[in-house]
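Enquirer: Would you mind keeping the following structure in view while I ask a few things?
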Amino acid sequence: MLNFLPTPIVTVIATLLLLINVLFWCPILLVFALIKVLIPIKSLRTAIDPLLIKIAEGWILCNSGWMALTQNTQWDVQGLGELKYKGWYLVNANHQSWVDILVLQHVFNGKIPLLKF
């Protein structure tokens, strides 16, 4: 969407949006993760799990949002219809670049939980 702007400006916008997104979601996720780790009440820890998943999914959704805003990416993804949200999957990234983390998150968000407890 912002591809009409010069590349350096789009780069700055994308970087700022990424930074804002991390600074917003990371502390929220860490607070609930610390509560889960530090309080040994099983029912409380179990109740926090879905909240941690929703926080992570929100973070990923915002990542997908700023990528859509700043990049002109054409997605061609097949085979997601067979995935079950309650299933177990091993996702392995070869890290040929750092973008594979964002791509995997974008593709699988809401289709499988990226955090499993």
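Enquirer: At R0 = 35 Å, how high is the FRET efficiency between residue 97 and residue 49 if r is their beta carbon distance? Nearest 0.05 is fine.
Expert: 0.65
Enquirer: Here is a follow-up. Spelling out what I want: for every residue of the stretch 48-54, take phi, set θ = phi - 60°, compute 6.51 cos²θ - 1.76 cosθ + 1.60 (Karplus), and round to whole Hz; glycine and proline get x.
Expert: With the stated coefficients, the stretch 48-54 comes to 6, 3, x, 5, 4, 5, 5 Hz.
Enquirer: Applying the Karplus parametrisation 6.51 cos²θ - 1.76 cosθ + 1.60 with θ = phi - 60° to the phi angles of the stretch 57-67, what ³J(HN,Hα) value in whole Hz is obtained for each residue in order, glycine and proline being reported as x?
Expert: With coefficients 6.51, -1.76 and 1.60, one gets 5, x, 4, 5, 4, 5, 4, 4, x, 6, 5 Hz.
Enquirer: Additional query: Could you work out how much longer the chain between residue 72 and residue 115 gets when fully extended? Use 0.36 nm per residue separation minus the Cα distance between them, nm to one decimal.
Expert: Numbers: separation 43, 0.36 × 43 = 15.48 nm, distance 2.83 nm.
Length gained between residue 72 and residue 115: 12.7 nm.
Enquirer: Provide the per-residue ³J(HN,Hα) series for the stretch 31-46, in order, calculated from phi with Karplus coefficients 6.51, -1.76, 1.60 and θ = phi - 60°, each as a whole number of Hz, with x at glycine and proline positions.
Expert: 4, 6, 5, 5, 4, 4, 6, 7, 9, x, 8, 4, 5, 5, 4, 5
Enquirer: Suppose every Lys and Arg Cβ carries +1 and every Asp and Glu Cβ carries -1, with no other charges. What dipole size does the chain come out with about its Cα centre, to the nearest 20 debye?
Expert: Details: 8 positive and 5 negative charges, 109 e Å.
So the magnitude is around 520 debye.
Enquirer: A follow-up question, please. Could you tell me what percent of the accessible area of the chain is made up of carbon and sulfur, with a 1.4 Å probe and every protein chain present?
Expert: On the way: 5870 of 8410 Å².
With neighbouring chains kept in place, the figure for the chain is 70 percent.
Enquirer: For the chain, what is the accessible area per residue in Å² when the probe is 1.4 Å?
Expert: On the way: 8410 Å² over 117 residues.
Roughly 72 Å² per residue, with all protein chains present.
Enquirer: Which aspartates and glutamates have a Cα less than 19 Å from the Cα of residue 84, not counting those fewer than 8 places away in the same chain?
Expert: The qualifying aspartates and glutamates are 49, 57.
The values are calculated or read from the model by the stated rules, or taken from the named source; none is laboratory data. Model, not experiment: these values are computed from the prediction. As a convention, Cβ positions derive from the backbone with ideal geometry for all residues, glycine included, and neighbour counts pool all protein chains shown. Each accessible area value is taken on the protein alone, full model and side chains, heavy atoms only, with ligands, DNA and RNA left out. Shrake-Rupley method; radii C 1.70, N 1.55, O 1.52, S 1.80 Å.
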